[in-house]
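What follows is one structure encoded as structure tokens, with my remarks underneath.
The values are calculated or read from the model by the stated rules, or taken from the named source; none is laboratory data. All of these numbers come straight from a predicted model, not from anything done at the bench. Don't worry about glycine lacking a Cβ; one is built from the backbone with ideal geometry, like all the others, and counts go over all protein chains shown. Areas reflect the complete protein model, heavy atoms only, side chains present, ligands, DNA and RNA absent. Shrake-Rupley method; radii C 1.70, N 1.55, O 1.52, S 1.80 Å.
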Amino acid sequence: MENFTDNALRILQERYLWRKGNGEELESPEEMLRRVAKYVAQAELKWSGKAEAEKWESFFFDMMSTLVFLPNSPTLMNAGLPKSQLSACFVLPVKDNLSGIFDTLKLAALVHQKGGGTGFNFSRLRPAGDPLGSQGGHASGPVSFIKLYDFATEQVKQGGKRRGANMGILNVDHPDILEFIRLKVNGKALQNFNLSVGIFDRFMEAVAEGRDWQLIHPNSRKVAQTLPAKEVWEAILEGAWENGNPGMVFLDTIHAANPLSKIGRIWATNPCGEVPMLDYESCNLGSVNLSRFVSNGKVDYQKLKETVRTGIRFLDNVIEVNHYPTIKIEKATLSNRKIGLGVMGWAEMLLRLQIPYDTEEAVHLGDQVMSFICRVSQEASHELALERGCFPNWEVSAFNPQKVMRNATVNSIAPTGTISILADTSSSIEPLFALAFQRKKVLNSGSLTTEVHPLFKKAVEEGGFPVQEILAEVRASGRCGHIADLPYQLRSVFKTALEIQPEWHLKHQLIFQKHTDNAVSKTVNLPETASPKDIGRIYCEAWKNKAKGITVFRNNSGNEQVIYQGIGK
Ligand code: ADP
């Protein structure tokens, strides 16, 4: 059993550990992991005996307690509770009538209450001002309903643990698109929503060719307005420049990769974008901590293979023992059995191998590591299908008839916002945010301070540099690129998110996307001086290179910055 850091323990105590008996004593972190392993291993009993279930329980426990793999937060928090809801990701439909809108709002509240996040596409709603038929009056439109959903989310604190998270999408041809794009400009509105414009390829082409663009009424399919595509494009870039919203979701790229296009088209993703899903689907995630797979200066592929295989089995088991908020969600989820195994600690793996993030060597390694994870994940899902049967919609899927699969999707790169703190590593495939930093809003009980990175400290000590001065400087500024005493190679390896050019952020996103059947959640960090045009170039590159979505964040923009470089001298 690895020791959790003080930061991890604070998070666990505030939000994850259960109260025992009289409610005063908390379970220990070890007891939490044993509870999760035991509960998830119970799924084995459907196909084999007690001894087999116990064997997997101990594999699951080992994998989590050595911090090489962790499941998404709801699994850690809820496994073993009556009616335990273990998934992080849901997509719900928003229909164009009042009862549909409120049915979905209720469902979203139930999902949030149990720690899940929800994504919606609001494009089916008629635009604001549209006549409401026999009873008279006018429709309030998607934007007002997004505000309603946001307000409701704010009220349903997840068991006092965290606020809910939502993704709101409006397609780029909806008549209210400009209002949607400007929703977050100048203000504190919509704290609980990420916004993305649903983009079609023909829109990107219209922008590139300087053509007009038509906004279409979602019901009558009549043209509601024609305007230069550039006008919509520039509004998107202004918003993204101001506060990071909206991002883009590339609906045609998602559609082309959907193995279940015969069942339906995908219109939305979960809150952080890593799982595109059909209406009512849910997905559970888990992440392999790459930082723990370097030995003797090399990637330990054998250990990675075993962990990925056990991870896929773990996530498939979660589907079996999960409780779903409604029958519709249960049915959609069990028909396709989507899971998302991803990674965290990518930047730390590079650090341990002394490869700077902003190099082709790093991107090449990303290609190798993720293609390996993808191949092993698919093999593991294939073998589970032989053992347990295919996902029910396999017959109508685009899979090769030779390749039976247990799960319609197997990989997703999640942000790992909290579980990477628990595992004491860098999040997802992001570069180190800083060498010392402070996070706000993770805990109710104050901010979290992350001291100077231990690998940096070690490098400075071993290199015989003036340790005191350098550490003081790094504690204050959070970075080392400007410290002339340090050699170039060391400064390159320890570059942080804002010292890395946005192009390199994108290259990592794209290379991981290439081997990820779901999607990659990534923030392309930009310096404060970046212009809307710079953002436009990134959005275009992302689209051309088959990203499924794209999000940027310009330093010091917006009002929601929660992470700050440096912790003071
Ligand atoms: P964690 O590290 O807590 O497991 P991630 O940061 O990897 O979570 O996010 C994975 C997914 O979990 C998100 O895309 C979203 O669907 C869901 N999620 C994250 N944070 C929240 C939240 N505060 N409320 C609801 N869902 C959340």
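Select from the range 139-175 the residues that are touching a Phe, Trp or Tyr at 6+ places or on another chain (Cβ under 6 Å), open to solvent by 10 Å² or more (accessible area, probe 1.4 Å) and more than 16 Å from the ligand (Cβ to nearest atom) and list them in ascending order. None - no residue of the range 139-175 is touching a Phe, Trp or Tyr at 6+ places or on another chain (Cβ under 6 Å), open to solvent by 10 Å² or more (accessible area, probe 1.4 Å) and more than 16 Å from the ligand (Cβ to nearest atom), so the list stays empty. Residues that are small (G, A, S) and surrounded by fewer than 15 Cβ atoms within 10 Å (Cβ to Cβ) occur in the range 289-306; there is at least one.
State all residues of the range 506-531 that are aliphatic (A, V, I, L, M) and either closer than 16 Å to V343 by Cβ or touching an Asp or Glu at 6+ places or on another chain (Cβ under 8 Å) (or both); if no residue qualifies, say none.
Matches in the range 506-531: L506, L510, I511, A519, V520, L526.
Within the range 68-90, residues that are touching a residue at least 24 places away in the same chain (Cβ under 8 Å) sit with their Cβ atoms under 9 Å from residues that are among the acidic types (D, E) and within 13 Å of the ligand (Cβ to nearest atom), at 6+ positions apart or across chains, in these pairs: C89/E274; C89/E281; F90/E281. Considering the range 23-56, and only residues there that are open to solvent by less than 40 Å² (accessible area, probe 1.4 Å) and charged (D, E, K, R), the residue that is nearest to L76 (Cα to Cα) turns out to be R35. Taken together, the criteria place L350 among residues that are more than 30 Å from Q85 (Cβ to Cβ), assigned to a helix (DSSP H, G or I) and open to solvent by less than 30 Å² (accessible area, probe 1.4 Å).
Of the helices (runs of 4 or more DSSP H) lying entirely inside the range 429-517, those containing at least 2 residues that are hydroxyl-bearing (S, T, Y) and out of contact with any Lys or Arg (no Cβ under 9 Å at 6 or more places or on another chain) are 488-493. The C-beta contact set for the range 519-534 (first residue under 13 Å from F553 (Cβ atoms) and within 16 Å of the ligand (Cβ to nearest atom), second residue part of a loop (DSSP other than H, G, I, E, B) and open to solvent by less than 50 Å² (accessible area, probe 1.4 Å), distance under 6 angstrom, 6+ apart or interchain) comprises S521/G273; S521/E274; S521/A414; S521/P415. Condition test on F433, is it over 21 Å from the mean Cα position of the chain (by Cα) and either more than 15 Å from the ligand (Cβ to nearest atom) or modelled with pLDDT of 90 or more (or both)? No. Pairs are defined by a Cβ separation below 7 Å, a sequence spacing of at least 6 or placement on different chains, a first member in the range 374-395 that is at positive phi and hydrophobic (A, V, I, L, M, F, W, C), and a second member that is at pLDDT below 95 and in a helix (DSSP H, G or I); no pair meets this definition. When every residue of the range 379-396 is checked against the conditions, none turns out to be part of a strand (DSSP E or B) and either buried (at least 20 other Cβ atoms within 10 Å of the Cβ) or out of contact with any Pro (no Cβ under 9 Å at 6 or more places or on another chain) (or both). The set of residues in the range 396-409 that are in contact (Cβ under 8 Å) with a residue 12 or more places away in the chain and away from the ligand (no atom under 16 Å from the Cβ) comprises V396, S397, A398, F399, K403, V404, M405, R406, N407, A408.
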